[in-house]
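Laboratory data are not the source of any read-out in this text; all were calculated from the coordinates shown. Here the structure is a predicted model, which means the values were calculated and not measured. Every residue, glycine among them, receives a Cβ derived from its backbone with ideal geometry; neighbour counts consider all protein chains shown.
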Amino acid sequence: DAKTTQPTSMDCAEGRAANLPCNHSTISGNEYVYWYRQIHSQGPQYIIHGLKNNETNEMASLIITEDRKSSTLILPHATLRDTAVYYCIVRGIPQAAGNKLTFGGGTRVLVKP
Amino acid sequence: EAQVTQNPRYLITVTGKKLTVTCSQNMNHEYMSWYRQDPGLGLRQIYYSMNVEVTDKGDVPEGYKVSRKEKRNFPLILESPSPNQTSLYFCASSSLTKTYEQYFGPGTRLTVT
């Protein structure tokens, strides 16, 4: 699985968009970009994933650069409940090892009133 | 409501006293996993199961046992707990057709003295 690099922390104002960057310069052609988040000591939560096209769901948008070496998770209107650690993960077909997830350091996002 | 439940949520025990942490999911998922999360070490997979009666070791299986007799349940057994098994434990599940989305339980905080 490709290595990812994320900023350690960032602050965001409530109601504003939060843009979380992730670098994955060694990503290979069959690897997807996944985002999960973990609110303090709770179970991680899936947010979104993508291969090369931009993706949007009810929680967030995922923008992947054309060369796929980086991506940005966008929380369109951050709320206090979005305060969490956000993990960017790059991996290929997950059937091996029981769909194992491996989290790096993540970005600690603090949404402020 | 789709969910993964774990019990107990908190447990303090003594070295050597056998314990079981239960995990149950109501989504008919094939995959189930156990992870432990420790500060600075991230999420590490202990065991996983790809279906009933099929289990396999993850990255840190020493000191743990699992079983998968029913599709919905995946208990984690510590036959002789030791202090180095003090950790936050998560159970997770996902389907074969939507492997990108893992559902995590709320976590079990275990302290072994």
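There is no residue in the stretch B:70-81 that is among the charged types (D, E, K, R), assigned to a strand (DSSP E or B) and free of Cβ contacts under 8 Å to residues at least 60 places away in the same chain. Every condition in (1) assigned to a strand (DSSP E or B); (2) over 16 Å from B:K18 (Cβ atoms) is met by B:L110 except one, and the failing one is (2). Residue count for the stretch B:81-94, restricted to those that are among the polar types (S, T, N, Q), touching a Ser or Thr at 6+ places or on another chain (Cβ under 8 Å) and away from chain A (no Cβ under 12 Å): 2. Checking each residue in the stretch B:26-43 for being out of contact with any Phe, Trp or Tyr (no Cβ under 6 Å at 6 or more places or on another chain) and either within 11 Å of chain A (Cβ to nearest Cβ) or without any contact (Cβ under 8 Å) to a residue 40 or more places away in the chain (or both) picks out B:H29, B:E30, B:Y31, B:Q37, B:P39, B:G40, B:L41. Among residues of the stretch A:29-52 that are small (G, A, S), those with a Cβ under 7 angstrom from a residue that is in a strand (DSSP E or B), sequence gap 6+ or separate chain, pair up as A:S41/B:L88; A:G43/B:F90; A:G43/B:F104; A:G50/A:Y32; A:G50/A:V33; A:G50/A:L62; A:G50/A:I64.
Going by the structure shown, is A:I74 away from every other protein chain (no Cβ under 14 Å) and either on the phi > 0 side of the Ramachandran plot or of a type outside the set (D, E) (or both)? It is true that A:I74 is away from every other protein chain (no Cβ under 14 Å) and either on the phi > 0 side of the Ramachandran plot or of a type outside the set (D, E) (or both).
For the stretch A:40-58, residues that are small (G, A, S), under 17 Å from A:T83 (Cα atoms) and buried (at least 17 other Cβ atoms within 10 Å of the Cβ) total 1.
Listed by first and then second residue, the pairs with beta-carbon distance under 7 Å, at least 6 apart or on different chains, first residue in the stretch B:97-109 and more than 8 Å from chain A (Cβ to nearest Cβ), second crowded, with 21+ Cβ neighbours inside 10 Å and in a loop (DSSP other than H, G, I, E, B), form an empty list. The set of residues in the stretch A:77-102 that are surrounded by fewer than 19 Cβ atoms within 10 Å (Cβ to Cβ) and either under 19 Å from B:T99 (Cα atoms) or over 14 Å from the mean Cα position of the chain (by Cα) (or both) comprises A:H77, A:T79, A:L80, A:R81, A:G92, A:I93, A:P94, A:Q95, A:A96, A:A97, A:T102. Restricting the search to the stretch A:21-39, which residues are surrounded by 15 or more Cβ atoms within 10 Å (Cβ to Cβ) and within 17 Å of A:N53 (Cα to Cα)? The answer is A:P21, A:C22, A:N23, A:H24, A:I27, A:E31, A:Y32, A:V33, A:Y34, A:W35. The criterion of being on the phi < 0 side of the Ramachandran plot, part of a strand (DSSP E or B) and either within 14 Å of chain A (Cβ to nearest Cβ) or over 14 Å from the mean Cα position of the chain (by Cα) (or both) holds for B:S49.
This table checks each residue for (1) surrounded by fewer than 21 Cβ atoms within 10 Å (Cβ to Cβ); (2) closer than 16 Å to A:P44 by Cβ; (3) small (G, A, S).
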residue	(1), (2), (3)
B:P8	yes, no, no
B:Q25	no, yes, no
B:N28	yes, no, no
B:M32	no, yes, no
B:Q45	no, yes, no
B:S80	yes, no, yes
B:L88	yes, yes, no
B:S93	no, yes, yes
